[in-house]
Amino acid sequence: MAQSTGRHFLQIPGPTNVPDRVLRAMAAPTIDHRGPDFAALTTELLKGLKPVFGAAGPVVVYPASGTGAWEAALVNTLSPGELVLGFETGHFATLWREMAEKLGLSVDFVPGDWRHGADPGVLAERLRADPEHRIKAVCVVHNETSTGVTSRIPELRAAIDETGHPALLLVDTISSLGSIDYRHDEWGVDVTVAGSQKGLMLPPGLSFNAVSEKALRTSENARLPRSFWDWGPILAANRQGAFPYTPATNLLYGLGEALRMLEEEGLPQVFARHARHAEATRAAVRGWGLEVLCADEREHSGSLTAVLLPEEHDADKVREVILDRFDMSLGAGLGKLRGRIFRIGHLGHFNDLTLAGTLAGVQMGLELTGVPIDRGGLNAALTVLGAP
Ligand code: PLP
């Protein structure tokens with residue numbers, strides 16, 4: 001690798017760049033997690049998280065990556081052998097399905113082409129075909145980080161309501177929370193799964209479940225084995241500002257600072273910023289003469305863009321050259337998209353010039369690897385960014 005100077009460009013779709021303010025907040029002495037200062041911190045954080053989820057009810061915080069919060073959502077609400085409905089929107093939906101099966105659930109997994117979100121029409125059809133209510137939960141990944149496709153949760157909710165089916169709605173917002181408009185209560189979501197390392201601008205290591213009243217009631221009779229993930233003891237301890245185990249104290253300091261940053265900017269502005277950066281990125285991709293993987297205009301992700309390369313070109317080679325020459329990391333194609341796409345993360349702690357630099361690096365990398373492109377791509381993005 002060439003000698004690198006300046007800051008590394010971390011433009012993968014998470015973990016994202018951690019703001020200096022958050023890093024500084026974490027660089028404080030670790031305190032007694034059973035003491036009064038910690039109880040005050042916990043109480044403030046649990047309150048501060050609610051508006052970010054759009055949830056009036058509890059948000060459970062785990063010292064775990066997002067995968068842990070996936071497991072928590074399943075084991076707290078379901079019993080062995082029960083049926084859940086999932087949608088093959090991409091790599092992460094596939095991993096969640098595999099987890100559900102390992103836990104002893106049955107999964108009806110609606111096949112997908114990894115270029116579209118979950119289809120509300122298909123959801124309504126599946127639920128109508130289940131008059132005995134065997135389907136206990138519908139699992140949807142809001143923003144498929146492997147494809148840059150965002151499923152339309154309000155329309156999926158409407159499809160469930162239209163059938164009168166009582167299945168729970170479990171939604172993974174790991175790469176959308178704090179980046180793309182999301183409303184746990186208003187959209188009737190029962191469990192929202194989230195992680196710290198993307199829109200929340202923290203390092204990896206915290207994950208979350210926002211829980212509806214219906215999900216809480218269901219958890220009283222759910223029989224999948226659970227211990228560490230059990231909401232019950234955590235919610236009980238949280239009432240005293242505590243946790244039933246040692247929490248990730250310094251990540252929680254960072255969380256407090258990240259919540260302050262989101263509040264200062266204002267969530268509507270945060271979402272608008274992400275949408276605008278996504279639009280500028282798509283303008284660049286199309287300007288280069290390349291294809292955005294997401295195939296539905298209504299489902300473009302605000303947090304990342306997946307770029308499809310012509311078949312004879314290797315997306316991993318492009319990423320390798322860009323890392324080597326320009327010290328920038330881009331997201332790899334995952335699962336069946338390996339080598340076919342690369343992903344540009346434009347979420348979290350990010351601004352116009354970070355995007356301009358990112359897209360300049362991508363354009364130069366495409367040229368260096370011989371991918372035929374039109375140099376107008378970068379200009380098309382700058383036109384979006386520079387619009388009055
Ligand atoms: N779900 C989505 C949409 C993700 O993007 C990821 C990770 O990137 C996960 C789940 C898994 O989360 P983690 O890697 O934090 O365990």
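Quick notes on this one:
- Only one entry in Pro204, Pro166 is assigned by TED's automatic domain parsing to the domain that holds Ala56, within 11 Å of the ligand (Cβ to nearest atom) and in a loop (DSSP other than H, G, I, E, B), namely Pro204.
- Residue that is nearest to the ligand (Cβ to nearest atom) [pool: residues in segment 108-153 that are surrounded by fewer than 18 Cβ atoms within 10 Å (Cβ to Cβ) and closer than 16 Å to Gly81 by Cβ]: Asp108
Results for (1) in contact (Cβ under 8 Å) with a residue 24 or more places away in the chain; (2) in contact with a Leu (Cβ under 9 Å, 6 or more places away or on another chain), shown as yes or no for each residue.
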| residue | (1), (2) |
| --- | --- |
| Thr305 | yes, yes |
| Val318 | yes, yes |
| Lys336 | yes, no |
| Phe342 | yes, yes |
| His346 | yes, yes |
| Ala360 | no, yes |
| Gly386 | no, no |
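- For segment 37-82, a tally of residues being away from the ligand (no atom under 16 Å from the Cβ) and either surrounded by fewer than 17 Cβ atoms within 10 Å (Cβ to Cβ) or within 23 Å of Leu202 (Cβ to Cβ) (or both) returns 25.
- Conditions (1) more than 12 Å from the chain's Cα centre (by Cα); (2) closer than 22 Å to Leu255 by Cβ; (3) within 13 Å of the ligand (Cβ to nearest atom); number of the one not met by Val191: (3)
- Looking across segment 226-238, the residues that are within 15 Å of Ala73 (Cβ to Cβ) and either outside any helix (DSSP H, G or I) or not aliphatic (A, V, I, L, M) (or both) come down to Arg226, Phe228, Trp229, Asp230, Trp231, Gly232.
- Any hit, segment 171-186, residues being assigned to a helix (DSSP H, G or I), away from the ligand (no atom under 12 Å from the Cβ) and not aromatic (Phe, Trp, Tyr): no
- Test result for Ile322, β-branched (Val, Ile, Thr), surrounded by 19 or more Cβ atoms within 10 Å (Cβ to Cβ) and within 22 Å of the chain's Cα centre (by Cα): no
- The number of residues in segment 83-104 that are closer than 28 Å to Ala306 by Cα, more than 12 Å from the ligand (Cβ to nearest atom), outside any helix (DSSP H, G or I) and among the small types (Gly, Ala, Ser) comes to 1.
- Any hit, segment 142-159, residues being farther than 23 Å from Val292 by Cβ and of a type in the set (Val, Ile, Thr): no
- Matching residues, segment 154-172, being over 13 Å from Lys136 (Cα atoms) and buried (at least 19 other Cβ atoms within 10 Å of the Cβ): Leu156, Arg157, Ala159, Val171, Asp172
- Remark: Gly339 falls outside the filter, which requires a residue to be at pLDDT 95 or above, in the same structural domain as Pro372 (by TED's automatic domain parsing), buried (at least 21 other Cβ atoms within 10 Å of the Cβ) and farther than 23 Å from Gly376 by Cα.
- There is at least one residue in segment 154-165 that is within 29 Å of Gln197 (Cβ to Cβ) and of a type in the set (A, V, I, L, M).
- The listed residue being under 18 Å from the mean Cα position of the chain (by Cα) and assigned to a loop (DSSP other than H, G, I, E, B), out of Ala28, Ala64, Ala56, Ala72: Ala64
The values are calculated or read from the model by the stated rules, or taken from the named source; none is laboratory data. In this text the structure is predicted, and so the values were computed from the model without any measurement. Note: ideal-geometry Cβ built from the backbone for every residue, glycine included; neighbour counts use all protein chains shown.
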